[in-house]
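Peer 1: Before anything else, here's the structure in question.
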Amino acid sequence: MTETTTGALAPTPRQRFRAGLRAGIPFGLAAGVLSISFAVVALDAGLSPLATITMSVVVFAGSAQFASVAIFGGGGSLAAAIVAAALAHSRFLPMGASIGPSLPGGPLRRALQGQTVVDSSWALAARPDGSFDRWLLFGSTLPQYVMWQVGTIAGAFAGDVIGDPDRLGLDAVFPTFFLVLLIGELRNGRAKSVALAGAAIALVLVPITPIGVPVLVASLAALVGLSRRAREDFERRAAEVAA
């Protein structure tokens, strides 16, 4: 234990890690359920159980995995699936930049620690002063990663038992998942216009372009819009500091 300037004992890294574990358990349970659905639909799209499990182990990214499998299973090219997955998780660029100063070590060590960043853990680890508690981050991500793998393995090997995913309504997982992401962005006033523009682009292109193109174009447009907003925020803060 260390003593803070106010005289109170600061929690140790182990205590912060355990606090992260407790905070991450509900998100881990949700990840387990979602990953079962992912695995079953991935098998239906043509992926083997081994490929499905390997994807979850290496990628560990819900929206990227759903986007790539949706495009690949719908007849899109592998290249389009990979690009869609990358664009779907382009938000981790600014998230990584924001948490970087709170991670010790050189670039490689920070990059390795940054692999634990997921949406919920990033939010849980944020401090009021703009810094991040890395031990809380590590702890809250661990149950999510473990349950994502457990769910994927369960879904991959239970695919034959479950049968046709349409019969259980799993065919609705893709649109529902991305609709939830859209609703989440609409609650953010600053990102609302970008989210709406991306959704509108996708809806217009669906009936007139090949599979995968709407997601790619909408994601690229959203990335450009958010990049401009990030640059405007940076310039505004720089002006405030200079003043």
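The values are calculated or read from the model by the stated rules, or taken from the named source; none is laboratory data. Keep in mind it's a predicted model, so treat the numbers as computed, not measured. As a convention, Cβ positions derive from the backbone with ideal geometry for all residues, glycine included, and neighbour counts pool all protein chains shown.
Peer 1: From the list Leu137, Leu78, Leu93, which residue is among the hydrophobic types (A, V, I, L, M, F, W, C) and within 24 Å of Ala19 (Cα to Cα)?
Peer 2: Selected residue: Leu137, the only one of Leu137, Leu78, Leu93 that is among the hydrophobic types (A, V, I, L, M, F, W, C) and within 24 Å of Ala19 (Cα to Cα).
Peer 1: Can you tell me which residues in the range 126-137 are hydrophobic (A, V, I, L, M, F, W, C) and outside any helix (DSSP H, G or I)?
Peer 2: Matches in the range 126-137: Ala126, Phe132.
Peer 1: Shifting gears a bit: If you check every pair at least six apart or on different chains, which have Cβ atoms under 8 Å apart with a residue in the range 110-130 that is free of Cβ contacts under 8 Å to residues at least 40 places away in the same chain first and a residue that is of a type in the set (D, E, K, R) and not in a loop (DSSP other than H, G, I, E, B) second?
Peer 2: Taking only residues 6 or more apart or on different chains, the pairs are Gln113/Arg134.
Peer 1: Within the set of pairs 6 or more residues apart or between chains, which connect a residue that is on the phi > 0 side of the Ramachandran plot inside the range 13-24 to a residue that is surrounded by fewer than 17 Cβ atoms within 10 Å (Cβ to Cβ) and of a type in the set (Lys, Arg) with Cβ atoms less than 7 Å apart?
Peer 2: Pairs found: none.
Peer 1: While we're looking at this one, here's another question. Filter the range 45-61 for residues that are buried (at least 18 other Cβ atoms within 10 Å of the Cβ) and among the polar types (S, T, N, Q); which is nearest to the chain's Cα centre (by Cα)?
Peer 2: Among them, the one singled out is Ser56.
Peer 1: Test of understanding: among Ala42, Ala81, Ala61, Ala70, which residue is under 19 Å from Thr116 (Cα atoms) and among the aliphatic types (A, V, I, L, M)?
Peer 2: On inspection, the qualifying residue turns out to be Ala61.
Peer 1: State yes or no: is Ser102 under 18 Å from Arg134 (Cβ atoms) and modelled with pLDDT of 90 or more?
Peer 2: yes
Peer 1: Listed residues Ala81, Ala123; which is surrounded by 15 or more Cβ atoms within 10 Å (Cβ to Cβ) and either charged (D, E, K, R) or in a helix (DSSP H, G or I) (or both)?
Peer 2: When all the criteria are applied, what remains is Ala81.
Peer 1: For Ser63, which of the numbered conditions (1) under 25 Å from Phe132 (Cβ atoms); (2) at pLDDT 85 or above; (3) of a type in the set (Ser, Thr, Tyr); (4) assigned to a helix (DSSP H, G or I) fails to hold?
Peer 2: Checking Ser63 against (1) under 25 Å from Phe132 (Cβ atoms); (2) at pLDDT 85 or above; (3) of a type in the set (Ser, Thr, Tyr); (4) assigned to a helix (DSSP H, G or I), the one that fails is (2).
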